[in-house]
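The values are calculated or read from the model by the stated rules, or taken from the named source; none is laboratory data. What you see is a predicted model, and the numbers here were worked out from it, not measured in a lab. Note that each Cβ is placed from the backbone with ideal geometry, even for glycine, and that neighbours are counted across all protein chains shown. Protein only, heavy atoms only, side chains kept; ligands, DNA and RNA dropped before computing areas. Shrake-Rupley method; radii C 1.70, N 1.55, O 1.52, S 1.80 Å.
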Amino acid sequence: MRELRLVRNIRLGIKNLVLNGLRSLLTMLGMVFGVGSVIAMLSVGEGASQEALEQIRRLGSENILISSVKPVEEEASPQVRIFMSIYGLTYADEQRIRETFSAVRNTVAVKSVRKEARVGTRAMEIRAMGVTPGWFDLVKRPLLAGRALTPQDEERRAAVVVITETVARRLLPIEHPLGSFIQVSGEIFEVVGIVQSMSTQGAGIQAPDREEDIYLPLGTARERYGDLVMRRSAGSFMREQVELHQVIVQVDDVSRVENTARAIEEMLERFHKKKDYRIDVPLALLRQAEATKRTFNIVLGSIAGISLLVGGIGIMNIMLASVTERTREIGIRRAIGAKRRQIVGQFLIETVVLSTAGGAIGICVGLLIPLLITYFAGLTTIVTAGSLVLSVVISLSVGIVFGLYPAVRAARLDPIEALRHE
Amino acid sequence: MNPGAASIRLEEVWKTYRVGGEDVHALAGVSIAFPQGSFWAIMGPSGSGKSTLLNLLGCLDRPSRGACYIQDQPTAGVDDDALSEIRLRHLGFVFQSFNLIAQLSVRENIELPLFYLGWDAERSRRRAEELAALVGLEQRLGHRPSELSGGQQQRVAIARALANDPRIILADEPTGNLDTATGIQIMELLGDLNRRGKTVIMVTHEPEIAAYARHRLHIRDGRIDRIESADG
Ligand SMILES: Nc1ncnc2c1ncn2[C@@H]1O[C@H](COP(=O)(O)OP(=O)(O)OP(=O)(O)O)[C@@H](O)[C@H]1O
Ligand SMILES: [Mg+2]
């Protein structure tokens, strides 16, 4: 019986709102845009942070990335002509890291040089990566054909390469790539494997692998190309000597990553006079990204909260006007025997119907906007179930909070005064 | 209930308004009993306190002093909900300006008291049809009040006042907005209800209208001036 009355009350409320169609619609707009923007903003935020988190996760949360960096002082003063600059991580560093720390499960040393690769008349700029065999476990890229580099390749300083799909398509579009030979700066290598290409965009740190990579055993790279790089810059030759461009350290347990990173840093500080390396800890970046996401959500939440507040005030304003306009109706209902709480109920239900209808339309808008954003701006958007639930809860509570005052005011009217109202 | 029992009784009732620091006595010591099934016209000059009296009888207001009993239930010292409950169960109102809710249809207006009584939709529907037939408006159930003449609107209002089957009907100048012929129709309807046992108390200025009532209560300056009763 009670439920039945609630249903009739809701029907009555809807009817009243339909009677004032345009006005109800305009009143709802505040809620529509409020809820719509909440969902849309949260979806953009969620999409962006998911993407960032995914990229960081791909770097491996149990990894530490140490990269060679040209010291700042040398870069800052180009007038001082330093014709030879020696910096970066050394083979000795890598060995020390591998042997000193018990938490280190494995290390991968990387030497990377920009070269031109050619097959017949086809040529492309590539990055020749001298890597130790652990590399392929680390980057987790699926092997499409052939095999990965092995410790034997390393030992024999074999002239073999694993290339990415992209390189294979560009250099060996018609040939069967496996077993083909490619020429990199005068050296000939046999292609033994192909790995999948995957485009990665920046997320704080550069992923160690790229699309235009070819991988060869580190020993081979060192033997064929040496550690010296000639660079032509500002009319003069610049010589750089870098042993390793990157050392990737795999720690046996996630909980030991941060301490190990700190210990490695201390050790490197002792052996390097200049700071010619950089340490990135994906795990720390992950934490940071998560914290950023929280902050972002709080900011978005506040903006959304303000817009919903505005929407709510709009609704309250209309309901107060409605109460004044319907003073006589209230008087009639009271004379007939309606209790105060029934008047409160009637007006409250109307406001809640108004705000939830606005919320419902807002949800539709909020589902539509992310699609448009993805379509036109190419951003990843993710509408979470949480944001939908939040919207429903918010629109209900906006209705109740902002409807209560007008409703109570309606119920407090003196029936005689109300009946006399024109 | 014995026929002579009072449906409404007032004992030394005062209603005082404070206007600009001065007390205005809209009612100044009124004592009277309205027996069940009687028909009353309350008359008097403008501002004499007729509406004030009717509002007290209708539990829309409470006396400043004195006591008021509806069906022997005191209205002093009870809360707003209890007064609403008395209005809902025992009273029916008819107003000068009809006071129908413009957005609702004739049917929905008549069903309004039943909604607050918690009747289900089907039963309410049947009751509304019955009452519309009683006042001769069974063809107009789907109409809006604005589509009806004044007399028809007042008949809808009477149907609504009867929906909760009240023992007492209170009317404040029910014919005030109607022409004489239509006013007479309304009075006949009220007279008919009185013959069916309802206590009818109405305020009116017009002697021809008052003539339908058995008793005429004359008020002057918030006091009972005199009571005239027709014989028989
Ligand atoms: N809310 C109020 N505040 C102050 N004074 C009031 C109030 N209501 C009524 N009065 C006063 O009480 C007196 C009686 O008013 P009431 O409305 O009962 O007169 P009435 O007999 O119905 O007059 P009419 O025939 O013009 O309708 C008047 O002097 C009026 O000014
Ligand atoms: Mg009056």
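Run the numbers on region B:1-50 and let me know its relative contact order in percent, using alpha-carbon pairs under 8 Å that are six or more apart.
Averaging sequence separation for qualifying contacts and normalising by length gives 38 percent for region B:1-50.
In whole Hz, with x marking every Gly and Pro, tabulate ³J(HN,Hα) for region A:154-164 from phi via Karplus 6.51 cos²θ - 1.76 cosθ + 1.60, θ = phi - 60°.
Ordered by residue, 3J(HN,Hα) equals 5, 5, 7, 6, 5, 8, 10, 9, 10, 10, 7 Hz.
State which entries of A:Lys70/A:Lys140; A:Lys70/A:Lys275; A:Lys140/A:Lys275 exceed 20 angstrom in Cα-Cα distance in the structure shown.
Over 20 Å Cα-Cα: A:Lys70/A:Lys140; A:Lys140/A:Lys275.
Please identify, among B:Gly21, B:Gly118, B:Gly151, the residue showing maximal mean-square fluctuation in a Gaussian network model of chain B using a 10 angstrom Cα cutoff.
Taking springs between Cα atoms under 10 Å, the residue moving most is B:Gly21.
Given the options A:Val392, A:Val72, A:Val104, state which has the largest fluctuation in a GNM of chain A using a 10 Å cut-off (strictly under) for Cα springs.
Its mean-square fluctuation being the largest, the pick is A:Val72.
Each label point is 7 Å from the Cα along the Cα-to-Cβ direction; what then is the distance between the points at A:His421 and B:Glu228, in nm?
3.9 nm
Gap in Å between the Cα centre of region A:1-74 and the Cα centre of region A:370-422?
Cα centroid to Cα centroid, the span is 15 Å.
Karplus couplings for region A:133-146 from phi (6.51 cos²θ - 1.76 cosθ + 1.60, θ = phi - 60°), rounded to Hz, Gly and Pro as x?
Computed from phi, the couplings for region A:133-146 are x, x, 3, 6, 5, 6, 7, 6, 8, x, 7, 8, 7, x Hz.
Probe radius 1.4 Å, ligands and nucleic acids ignored: give me the carbon and sulfur share of the accessible area of chain A as a rounded percent.
Taking all protein chains in place, chain A shows 59 percent carbon and sulfur surface.
Sorted from largest down, what three extents in whole angstroms do the Cα atoms of the protein assembly as shown have along their principal axes?
135, 55, 47
Which residue, A:Glu62, A:Glu175, A:Glu258, has the most motion in a Gaussian network model of chain A that connects Cα atoms within less than 10 Å?
In the Gaussian network model the winner is A:Glu175.
Hey, how many Å between the Cα centroid of region A:265-324 and the Cα centroid of region B:111-183?
With region A:265-324 and region B:111-183 each reduced to a Cα centre, they are spaced 62 Å.
Over what distance in Å are the Cα centres of region A:133-185 and region B:87-106 separated?
Spelled out, the Cα-based centre of one part sits 91 Å from the other.
Compute the acute angle (0 to 90°) between the alpha-carbon long axis of helix B:121-134 and the principal axis of greatest extent of the alpha-carbon atoms of chain B; round to the nearest 10°.
Relative to chain B, helix B:121-134 is tipped by roughly 80 degrees.
Which value, in square angstrom to the nearest 100, describes the accessible area buried between chains B and A on both sides, using a 1.4 angstrom probe?
Adding both sides of the contact gives about 2500 Å².
For region B:125-176, divide the Cα radius of gyration by the Kirkwood radius and give the resulting Rg/Rh value with two decimals.
With Rh from the inverse mean 1/r over Cα pairs, Rg/Rh is 0.96.
Please report Rg over Rh for chain B, where both radii come from the alpha carbon positions and Rh follows the Kirkwood definition.
0.97
Check each residue of region A:313-348 and keep those whose accessible area, probe 1.4 Å, is at least 40 Å² smaller with all protein chains in place than in the chain alone; give them in order of residue number.
Buried by the other chains: A:Arg328, A:Ile332, A:Arg333, A:Arg334, A:Ala335, A:Ile336, A:Gly337, A:Lys339.
Expressed in whole Å with the largest first, what are the equivalent ellipsoid semi-axes of region A:339-422 derived from the C-alpha gyration tensor as the square root of 5 times each eigenvalue?
40, 12, 7
Only Cα pairs under 8 Å and at least 6 apart count here; give the relative contact order of chain A as a rounded whole percent.
30 percent
Spin-label point model (7 Å from Cα, Cβ direction): what's the B:Asn177 to A:Arg412 distance in nm?
2.9 nm
Would you work out the relative contact order for region B:6-229, in percent, from Cα pairs under 8 angstrom that are 6 or more residues apart?
Normalised by residue count, the contact order of region B:6-229 is 30 percent.
Check the straight Cα-Cα distances from A:Lys339 and name the lysines below 30 Å, setting aside those fewer than 8 residues away within the same chain.
Filter leaves A:Lys15, B:Lys15, B:Lys50, B:Lys198.
With a probe of 1.4 Å, find how much accessible area region B:6-229 has per residue, and write the answer as a whole number in Å².
That works out to 40 Å² for each residue.
Quick check on region A:63-252: take the gyration tensor over C-alpha atoms, sort the square-rooted eigenvalues as a ≥ b ≥ c, and tell me if it's rounded (a/c under 1.5), prolate or oblate.
oblate
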